[in-house]
C-alpha cells in the first residue's frame, strides 16, 4: 500500500469516514466476542454508539425471521433474544443495510442488488470456511465488507474528483481495469487500506486485498481463496457484480488449492441459497 500517495491516502480515509460507523462497530464486536468474560452491557453499549444501527438491530430482532414473540424495544433485549452466538450475524445484517443505502452510480450498481450481493457472499464465505475448519466469523466479515472500496471510490468520484467515465462492461473487461484507468488503484486496495485503518485483523485485510487472485502468489492466502470461491457462488446464484465476474472462475487448480471438491461446494451453495432466502427480508 506504500504506492498510495499520502494525499490520496488521506483523501480516501476522509471519504471512508463519511460511511456509517457500522463496520468499525463490527470490528470491535468481533474482539468482544472473543472474550468469554464480555458482558451483555458491554455489547449493548457498543451497539448503541450508532443509533441507526441500534434501531435496525431492534427492528430485525422483532421480525418474523427471529420467531416474533413479544415486541422488544431495547438493544439489550435484542441481544438477549438472539444470544451471543448469533449477535454477530444480526449486526452483520444491520451493517449491510446501513452501508448499502445508495446506488453506486459510477459502478452502475443499484443499492438493493448490492445488499443482496454482500449478504450472499458473506454467507457463502462463512459456509466454505466452516466446512474447511477455518475461522467462519473472519470469512463472513471479509465477504460482507469486501465491497467497501467500491463504496469509497464511488463517493470520491461523486464528491472529490472530476470523473466523467462510469464503468462500462463493453469497454473494460472488469472493475480493476476501469479503476486503474480512473483512480490508479483498485477497490480491493482501497478496501484493505480502510479495513487496516479500522483495526480489522490482518487476515481479513490481506484476504480482501488479494481475493481477485490476479497474481499467482495471491492464491497462497487461504482466506483469499475462500473469498474468491464465495464470490463465484454469488455469481452462480445471479448475485454477482458484473464487473467482477471475470475474476471468479472455479478453475481446477483453485479447487485443488482450496481443498473442497466441486460437488461439495455446490452442496454448500444450495444450503447458502436457503439461508439467504431466510435472511433477505431483513435487509
Exposure proxy check on 45, 221: fewest-to-most Cβ neighbours within 10 Å is 45, 221
Which of 260, 188, 231 fluctuates most in a GNM of the chain (C-alpha springs under 10 Å)? That residue is 260
Distance in nm between residue 270 and residue 102 label points, each 7 Å along Cα→Cβ, equals 4.2 nm
Inter-part gap, Cα centre of the stretch 189-206 to Cα centre of the stretch 208-283, in whole angstrom, is 20 Å
Under the helix-only model (-39500 (n - 2.57) for each DSSP H run of 4 or more, divided by the residues of the chain), the mean residue ellipticity at 222 nm, to 500 deg cm²/dmol, is -19500 deg cm²/dmol
Neighbour-count ranking for 91, 79 (other C-beta within 10 angstrom, fewest to most) reads 79, 91
Taking Cα atoms, the helix 222-236 axis meets the longest principal axis of the chain at an angle in degrees (rounded to 10) of 90 degrees
A student applying the Cα gyration tensor rule (rounded when a/c is under 1.5; otherwise prolate if a/b is larger than b/c, oblate if not) would label the stretch 34-135 oblate
Per GNM of the chain with C-alpha springs under 10 angstrom, the most fluctuating residue out of 218, 256, 154 is 256
Helix 22-33: inclination vs the chain longest Cα principal axis, degrees, rounded to 10, gives 60 degrees
In degrees rounded to 10, the 0-90 angle between helix 111-132 Cα long axis and the longest Cα principal axis of the chain is 80 degrees
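Bear in mind these aren't lab numbers, they're just calculated from the coordinates by the rules spelled out. Computed from a prediction, not measured in an experiment: that's the story for all the values here. Every residue, glycine among them, receives a Cβ derived from its backbone with ideal geometry; neighbour counts consider all protein chains shown.
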